[in-house]
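Notes follow the structure.
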């Protein structure tokens, strides 16, 4: 199958902030001990990005105390490596060339104890201040993309 014939998996992600100005990061079970990201997930058939992000946050974090503040003007699109595409083909799974992510700024309206991470998918969650993100967002280009998002969402990093 030719990569150019494949489409992008439609997904969502959320920069979630609390009343102290901290941002929620997650460590998925598939990650190594020093790898973190922001929560989100795939858009299912007949869903809008807005309904998806609220559903995903409820599934991953066990709370519905979230409010959408803003949607980013641009989606984050990236290509998956050939190995991942070939693995999905070999396992008869849905095959995409990469992912296109609608990104949201979300306000957390609850208390820390309202968050109950889904243990099947999420190993740890952590609140960090924006200036601390670079210590956790270590995937290639992850922090650079976050800086663009934070600028658009008018979140100070210092």
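Results, tabulated for the structure shown:
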| item | result |
| --- | --- |
| Calculated FRET efficiency for the pair residue 44/residue 126, C-beta based, R₀ 22 Å, to 0.05 | 0.20 |
| For the range 81-158: relative contact order, % (alpha-carbon pairs under 8 angstrom, 6 or more apart) | 19 percent |
| Using alpha-carbon coordinates, inclination of helix 49-61 to the longest axis of the chain, degrees | 70 degrees |
| Extension gain, residue 143 back to residue 78 (0.36 nm per residue minus Cα-Cα distance, nm) | 21.9 nm |
| Semi-axes of the equivalent ellipsoid for the chain, Cα gyration tensor, largest first, Å | 26, 17, 16 |
| Ranked packing of 108-120, 29-41, most packed first, by mean Cβ within 10 Å | 29-41, 108-120 |
| Choice from 92, 141, 74 showing the highest fluctuation, given a GNM over the chain with Cα pairs closer than 10 Å | 92 |
| Extension gain (nm, one decimal) between residue 151 and residue 70, 0.36 nm per residue minus Cα-Cα | 27.9 nm |
| Angle in degrees between helix 142-152 and the longest Cα principal axis of the chain, rounded to the nearest 10 | 60 degrees |
| Alpha carbon centroid spacing (whole Å) that separates the range 111-158 from the range 83-101 | 26 Å |
| Within the chain, helix-based [θ] at 222 nm, where runs of 4 or more DSSP H residues each add -39,500 (n - 2.57), nearest 500 | -6500 deg cm²/dmol |
| For 45, 56, 154, order by how many other beta-carbon atoms lie within 10 Å, fewest first | 45, 154, 56 |
| Candidates 48, 12, 102: whichever shows maximal mean-square fluctuation once the chain is modelled as a Gaussian network with Cα springs under 10 Å | 48 |
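A short reminder: the numbers here are calculations on the coordinates, not readings from a lab. Since the model is a prediction, treat every value here as computed from it, not as a measurement. Glycine also receives a Cβ, built like all others from the backbone with ideal geometry; neighbour counts cover every protein chain displayed.
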